[in-house]
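Everything on this sheet refers to the single structure shown next.
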Amino acid sequence: MSVVDISRWQFGITTVYHFILVPLTIGLAPLIAIMQTVWHRTGNEQWLRATKFFGKIFLINFALGVATGIVQEFQFGMNWSEYSRYVADVFGAPLALEGLMAFFLESTFIGLWMFGWGRLSRRLHLACIWLVAIGVNASAYFIIAANSWMQHPVGVEWDPERGRPAMNNFIAVITNNTTLVAFPHVIMGALLTASTVVAVVGLWWMARNTYRASKIEEAAKIGDESIIPATTSPSQVGASPEKLRHDNATLWRPVSIFALWVIIGSGLGLFITGDMQGQLMFKQQPMKMAAAESLCETETGASFSVLSIGRQNNCDNIEHIITIPNMLSFLSDHSFDSEVKGVNELQKQYQEALNMPGQNFAPNLFVTYWSFRAMITWALGSVVVAFGGLWFLRKKRTEVPRWFGRLALWMLPTPFLANASGWIFTEMGRQPWVVVPNWADADGDPLRIHMLVQDGVSNHTPPMVWATLIGFTLLYGALGVVWFYLERRYVIEGPSDKDAAAPDVGSDDDESAELSFAY
Ligand code: HDD
Ligand code: HEB
Ligand code: HEB
């Protein structure tokens, strides 16, 4: 493999990894802040238990999110130094703001929240988690702004002296319309991820408690204790069936219902923002649109393809098998019979406009076509959880059958896969560009600003990049295992009954130290 390809793999692998953790951090922070607010307002201690339980899951995720994030930054300078030089002017400001947000808001207030139980006043402590939630979302905005600039460069002019774009309008960079639609789409995706995790954990716990309660009762009837399943979870050990049902009714059911409605809300949000992104992409990156459909020839009233076969990543042998007539035109600009340009025509048009004969401007059609469909299909996992959950919990019901608890658990990876697919689509559909020429705004000379991926790479030898690729992949693999087993352990252990006790301000006893982070 060439240095470009190895560097691409390296960026792809590490950043997809980072984005397994990121959406859970971004989505879980506000959900926990809401849980704590409910406790604060109502004094209902079950919400305090939920806050602490999901807080633990959040802290582990955050720690590994930071660890995987730090490596991301190194790559710009290490593997993509030409690209970094090119975008330096533009990325400097938003990424500096990201760092400030991340370090000041997130890190400071997360520390205060973690160790502040019983030490800060309740209001101040609640404010900390809200500031964490705002901080992670704000830092997401700036990093998305940087990414959007690569998809649709604005606010710059060509600087012939330095041979790179110079930023002439910071406001234009951070209000890029690509950012304005990508940001809410990403946040909705993060909320979908976090709410699915909360709902799945809640429903699985309800199923577990339901099953255990019925087994204890059955055991009493037949006088055989051995049928009671073993458990080490503190809230189950020694608990009577009444206590288990009480937990279901007062803790898990309200928490699950809250999360299930967030799934529905964020799902709708994804739909609306995804549609807006599609229309913008049609104007700004028509080639990505054509690739997403593997549409080779320009069509009016183009249909949306659901299934097609035979693609070997070229236009010769693609066959669309199942299609929805006129749907692609509709997705592009909400009219059923508009023209959608195909790969072949765009290819010719780009070669002429940029005076680059011989350059292939089509991304990998197979990957773009299927990653787009995967993004949407994986969302069905959360839909199953949402509708199933609301069905089983309807009208004050507090029992969840064991099979549904397990099914819900199987749906847990789906929102993560949807997010990864969305990014793979966005980033691989951008190829061969690392900075896409601005096709949408024709004033000035916007086409002057662009960079091919192959021109952005550092001047390394393949063995060098191989070494870091292998090193990072092993490191991330190990971090992934740590993340999975820690999270799994705390989910199975569940919330302890002790967590329902609100720590007193100013008490410096061991109890509050333990509550802070002796997990
Ligand atoms: Fe990230 C942590 C750098 C993509 C959202 N990231 C994090 C850290 C660094 C980076 C250095 C640790 C520092 C800190 O949190 O204080 N991130 C990057 C780079 C990216 C990138 C160079 C480009 C590929 N990150 C990225 C995206 C988003 C985030 C696209 C949001 C949409 N990053 C975050 C976060 C993190 C974080 C929510 C994630 C997990 C965490 O904090 O705990 O702020
Ligand atoms: Fe990115 C690349 C994903 C974010 C920048 N990415 C890449 C890849 C992938 C990705 C898969 C590969 C592709 C190819 O090559 O084909 N991303 C991703 C994800 C995310 C991201 C998942 C979330 C985290 N990015 C991002 C951001 C930025 C970026 C934010 C900026 C700032 N990318 C980038 C670069 C690169 C990439 C520079 C390299 C070059 C190429 O294109 O490749
Ligand atoms: Fe998504 C991306 C659409 C769903 C996640 N998306 C994207 C895009 C589009 C879309 C068009 C691209 C843009 C560019 O590149 O420019 N979606 C859509 C639609 C739908 C969706 C239509 C249906 C509803 N998504 C979804 C889901 C998820 C997602 C479900 C998860 C959860 N996406 C995503 C991501 C991304 C995307 C992460 C990347 C970033 C951005 O935004 O760009």
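The values are calculated or read from the model by the stated rules, or taken from the named source; none is laboratory data. Note that the structure is predicted; figures quoted are calculated from it, not measured. Counting neighbours? That spans all protein chains shown, and the Cβs are built from the backbone with ideal geometry, glycine included.
A few points about this structure:
- Considering each residue of the stretch 408-417 in turn, at least one proves to be of a type outside the set (Asp, Glu) and within 16 Å of ligand 1 (Cβ to nearest atom).
- Any helices (runs of 4 or more DSSP H) falling wholly within the stretch 277-367 and containing at least 2 residues that are within 13 Å of ligand 3 (Cβ to nearest atom) and within 28 Å of the chain's Cα centre (by Cα): 286-293, 327-333
- Residues in the stretch 438-445 include at least one that is more than 22 Å from Phe258 (Cβ to Cβ), in a loop (DSSP other than H, G, I, E, B) and either in contact with a Lys or Arg (Cβ under 9 Å, 6 or more places away or on another chain) or of a type in the set (Lys, Arg) (or both).
- Selection of first residues in the stretch 180-194 that are more than 15 Å from Thr25 (Cβ to Cβ) and of second residues that are of a type in the set (Val, Ile, Thr) and near ligand 1 (Cβ under 9 Å from one of its atoms), restricted to Cβ pairs under 8 Å at least 6 apart or on distinct chains, gives the following pairs, ordered by first then second residue: Ala182/Ile144; Phe183/Ile144.
- Helices (runs of 4 or more DSSP H) fully within the stretch 60-158 counting 2 or more residues that are within 15 Å of ligand 2 (Cβ to nearest atom), touching a residue at least 60 places away in the same chain (Cβ under 8 Å) and of a type in the set (A, V, I, L, M, F, W, C): 81-100, 122-151
- Residue count for the stretch 159-178 satisfying the condition of being under 14 Å from Ala440 (Cβ atoms), without any contact (Cβ under 8 Å) to a residue 60 or more places away in the chain and of a type in the set (S, T, N, Q): 1.
- Number of positions in the stretch 79-96 that are farther than 22 Å from Ser139 by Cβ and surrounded by fewer than 19 Cβ atoms within 10 Å (Cβ to Cβ): 3
- Test set (1) touching a Lys or Arg at 6+ places or on another chain (Cβ under 8 Å); (2) modelled with pLDDT of 95 or more - Tyr211 fails condition number: (2)
- Residue in the stretch 279-289 that is modelled with pLDDT under 90, surrounded by fewer than 18 Cβ atoms within 10 Å (Cβ to Cβ), in contact with a Ser or Thr (Cβ under 8 Å, 6 or more places away or on another chain) and over 30 Å from Gln349 (Cβ atoms) present: no
- Subset of the stretch 244-273 that is at pLDDT 95 or above and among the small types (Gly, Ala, Ser) - its residue that is farthest from ligand 1 (Cβ to nearest atom): Ser256
- Within the stretch 13-24, residues that are touching a residue at least 40 places away in the same chain (Cβ under 8 Å) and more than 12 Å from ligand 3 (Cβ to nearest atom) reach partners that are part of a helix (DSSP H, G or I) and among the hydrophobic types (A, V, I, L, M, F, W, C) with beta carbons closer than 6 Å, at six or more positions or on different chains, in the pairs Thr14/Val71; Thr14/Phe472; Leu21/Leu64.
- Within this structure, Ala207 passes the test of being buried (at least 17 other Cβ atoms within 10 Å of the Cβ), under 30 Å from Leu407 (Cα atoms) and more than 16 Å from ligand 1 (Cβ to nearest atom).
- When Gln46 is tested against (1) within 16 Å of ligand 2 (Cβ to nearest atom); (2) assigned to a helix (DSSP H, G or I), only condition (1) is not met.
- Flag for Gly99 being within 16 Å of ligand 1 (Cβ to nearest atom), surrounded by fewer than 16 Cβ atoms within 10 Å (Cβ to Cβ) and under 26 Å from Leu64 (Cβ atoms): yes
- Residue identified as more than 16 Å from ligand 2 (Cβ to nearest atom), at negative phi, exposed (fewer than 12 other Cβ atoms within 10 Å of the Cβ) and not basic (Lys, Arg) among Ile376, Ile318, Ile322: Ile322
- Entry remark, the stretch 121-158: residues being out of contact with any His (no Cβ under 8 Å at 6 or more places or on another chain) and either within 16 Å of ligand 1 (Cβ to nearest atom) or closer than 19 Å to Gln277 by Cβ (or both) number 26 in total.
- Under the condition of being out of contact with any His (no Cβ under 6 Å at 6 or more places or on another chain), of a type outside the set (A, V, I, L, M, F, W, C) and not in a loop (DSSP other than H, G, I, E, B), the residues counted in the stretch 159-178 number 4.
- Condition met for Pro401 (closer than 29 Å to Thr210 by Cβ and within 16 Å of ligand 1 (Cβ to nearest atom)): no
- All conditions but one from (1) more than 26 Å from Gln431 (Cβ to Cβ); (2) away from ligand 3 (no atom under 16 Å from the Cβ); (3) of a type in the set (Val, Ile, Thr) apply to Val200; the one that does not is (2).
- Test: residue in the stretch 32-39 that is surrounded by 23 or more Cβ atoms within 10 Å (Cβ to Cβ), among the hydrophobic types (A, V, I, L, M, F, W, C) and under 24 Å from Gly265 (Cα atoms): yes
- Condition check for Tyr476: among the aromatic types (Phe, Trp, Tyr) and either in contact (Cβ under 8 Å) with a residue 60 or more places away in the chain or over 29 Å from Leu59 (Cβ atoms) (or both): yes
- In the stretch 202-225, residue farthest from Leu251 (Cα to Cα) [restricted to those that are part of a helix (DSSP H, G or I) and free of Cβ contacts under 8 Å to residues at least 12 places away in the same chain]: Ile222
- Scanning the stretch 378-398 for residues being within 16 Å of ligand 3 (Cβ to nearest atom) and touching a helix residue (DSSP H, G or I) at 6+ places or on another chain (Cβ under 8 Å) gives a total of 9.
- For the stretch 452-494, filtered to residues that are in a helix (DSSP H, G or I) and in contact with a strand residue (DSSP E or B) (Cβ under 7 Å, 6 or more places away or on another chain), the residue that is farthest from Leu203 (Cα to Cα) is Gly456.
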